[in-house]
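Chemist: Would you mind keeping the following structure in view while I ask a few things?
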Amino acid sequence: MDDSITVLLIDDQSMIAEAVRRMLETEPDITFHYCSDPTQALKIARECQPTVILQDLVMPQMDGLLLVRFLRSHDAPTYQIPLIVLSSKEEPVIKAQAFELGANDYLVKLPDRVELLARIRYHSRAYTNLLKRQEAEAMLRDENQRQALYIQQVDKLTHAAVTVEQDTFESESLSDVVDRSDELGQLARVFTQMVKTVKNREQELQRLNDSFARFFPGEYLKFLRKDSVTEVQLGDYVSKVMAVMFSDIRSFTTMSETMTPRENFDFVNAYLKRVSPEIRNHYGIIVKFLGDGMMAVFPDGADDAVAAGVAKQKRVQEYNQQRQARGNLPVQVGIGIHVGQMMLGMVGEANRIQGDAFSDNVNLTSRLEGLTKFYGVAMIISGQTLEHLSNPDRYQIRFLDRAIVKGRNEAISVYEVLDAEVEEVRSLKLQTQPDFDRGVNCYRDRAIGDAKLCFEQVLAVHPADKTAKLYLERVESLLEQGIPDDWNEAWVFIDK
């Protein structure tokens, strides 16, 4: 802001204006403006922006004191501009009223040139200094506000770093900081982009981990004592006594022939989606899917495996209710469980590895699952499995047979877990179990005639009991052909 002076004279007498103009014309730093109509004073003052106003008190168009009031009103552009009132004579009352209304000075016209110039310069300098001070104060307020905002936004950025650590960061919290054009704004933009990039990478990594987990489940890693899938190497394995389970949909080949490829995949996936969680719910590990079947191991033993098998058949029963409601045939699933020493680990070659289990016990379990169709039962467990149950009385178990499966020379005891059956079948088998057990004992003791009567009693109540039918066929054959000298009650299977 420069220190030039602008004078506005408001007076109806042009001769006064001319006289004042002559007094000021030799002063290079003073610009003179004249308004003869007091009603136009505010308009002209707004245009010329004077640093001092000279105003006559006696004018025909408007009372001089009223004009002083207008010039000093708070909404007028002349509110702070120094005002020197001119009067034709000294009138103390008028002078007092003018000062009371806001006039800064009082002169009797025409004043002496030297005095007029001194007063004009004095009041203009005071006004200019006032404007400079106000401008400085405004600049200081703006700077204080800017600094306060800067500190506030630095605090926001600092807090944002904390929220990133707490995983609660929202980019909108820095929207006003990002809009800054200075270094802080640049830092906020870089920070926000960095967090976004890291978050995207984390999400991408999580998706990759989730994808890996579908091919290589976390429980598999834990079992192999690995922290990350990247640590898994070809040949890693753990050997221990475990329970192994095989399950399979019966007659799936026949069913699949009536479906399109898409329907086959949809059907199998719908089935697996329902039963697979029960393996994990009971601390099992799905080693692999076998088309419509699966193989799973239970590192903690028989209790988890049998509980999972029962729960799995319950899910199948629920699924069948939905299928039958839609007019579809029910699904029948066979489950075999055995306990023994086995190795679970990684097989393959350098560019392709997968988890698998190795042991003769694995093959035996597969054979047990196959026997469910032969005996017409939902779930078979081996004698070793029964021995490893911490509380066998928790389940309703029926002895089935002594069997020598293909690939083995020794007979094993096989049992069915009635808890895995539908309620109607389970109830009938429990009802006939005393006769069935007596029949089996008579058969093993070579009391073939008594055995025949027992199995006939079972079938009279439960004609669909396939195991009782098999025993009846055996005893009838023995009664017809006689019991060989080397007869052994164990049944030999020549097929898988």
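The values are calculated or read from the model by the stated rules, or taken from the named source; none is laboratory data. Since this is a predicted model, take the numbers as computed values, not measurements. Here the Cβ is made from the backbone with ideal geometry for all residues, glycine too, and neighbour counts use every protein chain on show.
Chemist: Can you find a residue in segment 441-457 that is modelled with pLDDT of 95 or more, in the same structural domain as residue 331 (by TED's automatic domain parsing) and among the hydrophobic types (A, V, I, L, M, F, W, C)?
Modeler: No, segment 441-457 contains no residue that is modelled with pLDDT of 95 or more, in the same structural domain as residue 331 (by TED's automatic domain parsing) and among the hydrophobic types (A, V, I, L, M, F, W, C).
Chemist: Here's another thing I want to ask about it. Scanning for something among the charged types (D, E, K, R), within 30 Å of residue 332 (Cα to Cα), modelled with pLDDT of 80 or more and not in a helix (DSSP H, G or I), does segment 182-200 turn up at least one residue?
Modeler: Looking through segment 182-200, none of the residues is among the charged types (D, E, K, R), within 30 Å of residue 332 (Cα to Cα), modelled with pLDDT of 80 or more and not in a helix (DSSP H, G or I).
Chemist: Please indicate, with yes or no, whether at least one residue in segment 443-458 is closer than 19 Å to residue 378 by Cα, outside any helix (DSSP H, G or I) and in contact with a Gly (Cβ under 8 Å, 6 or more places away or on another chain).
Modeler: Looking for residues that are closer than 19 Å to residue 378 by Cα, outside any helix (DSSP H, G or I) and in contact with a Gly (Cβ under 8 Å, 6 or more places away or on another chain), one finds none in segment 443-458, hence no.
Chemist: For segment 310-331, state whether one or more residues are closer than 15 Å to residue 417 by Cβ, of a type in the set (Asp, Glu), assigned by TED's automatic domain parsing to the domain that holds residue 414 and not in a loop (DSSP other than H, G, I, E, B).
Modeler: No, that holds for no residue.
Chemist: Residues that are in contact with a Leu (Cβ under 6 Å, 6 or more places away or on another chain) and of a type in the set (Ser, Thr, Tyr): find the strands (runs of 3 or more DSSP E) completely inside segment 1-65 holding 1 or more of those.
Modeler: Passing ranges, in order: 30-35.
Chemist: Going through 155, 176, 105 one at a time, which residue ends up being surrounded by 14 or more Cβ atoms within 10 Å (Cβ to Cβ) and within 30 Å of the chain's Cα centre (by Cα)?
Modeler: Step by step, each of 155, 176, 105 is checked, and only 176 is surrounded by 14 or more Cβ atoms within 10 Å (Cβ to Cβ) and within 30 Å of the chain's Cα centre (by Cα).
Chemist: Could you list, in sequence order, the residues of segment 339-394 that are among the acidic types (Asp, Glu) and more than 20 Å from residue 284 (Cβ to Cβ)?
Modeler: 349, 360, 393
Chemist: Tally time: how many residues in segment 84-125 are touching a strand residue (DSSP E or B) at 6+ places or on another chain (Cβ under 7 Å), in a loop (DSSP other than H, G, I, E, B) and closer than 25 Å to residue 28 by Cβ?
Modeler: 2
Chemist: Here's another thing I want to ask about it. Among the numbered conditions (1) closer than 17 Å to residue 371 by Cα; (2) of a type outside the set (A, V, I, L, M); (3) surrounded by fewer than 12 Cβ atoms within 10 Å (Cβ to Cβ), tell me where residue 486 comes up short.
Modeler: All conditions pass for residue 486, except number (1).
Chemist: When you look at residue 164, is it in contact with a helix residue (DSSP H, G or I) (Cβ under 6 Å, 6 or more places away or on another chain), under 30 Å from residue 183 (Cα atoms) and assigned to a helix (DSSP H, G or I), yes or no?
Modeler: Taking the combined requirement at face value, the residue satisfies it.
Chemist: Among 96, 126, which is the only one that is touching a Pro at 6+ places or on another chain (Cβ under 7 Å), among the aliphatic types (A, V, I, L, M), exposed (fewer than 15 other Cβ atoms within 10 Å of the Cβ) and modelled with pLDDT of 90 or more?
Modeler: None of the others qualify; the one that does is 126.
Chemist: Does residue 128 qualify as being touching a helix residue (DSSP H, G or I) at 6+ places or on another chain (Cβ under 7 Å) and either more than 30 Å from residue 27 (Cβ to Cβ) or in a helix (DSSP H, G or I) (or both)?
Modeler: no
Chemist: Output the strands (runs of 3 or more DSSP E) that fall wholly within segment 344-430 and possess 2 or more residues being at pLDDT 90 or above and surrounded by 20 or more Cβ atoms within 10 Å (Cβ to Cβ), or say none.
Modeler: 379-382, 397-404, 412-417
Chemist: Within segment 337-358, identify whether any single residue is of a type in the set (Val, Ile, Thr), out of contact with any strand residue (DSSP E or B) (no Cβ under 6 Å at 6 or more places or on another chain) and in the same structural domain as residue 381 (by TED's automatic domain parsing), and answer yes or no.
Modeler: Within segment 337-358, not a single residue is of a type in the set (Val, Ile, Thr), out of contact with any strand residue (DSSP E or B) (no Cβ under 6 Å at 6 or more places or on another chain) and in the same structural domain as residue 381 (by TED's automatic domain parsing).
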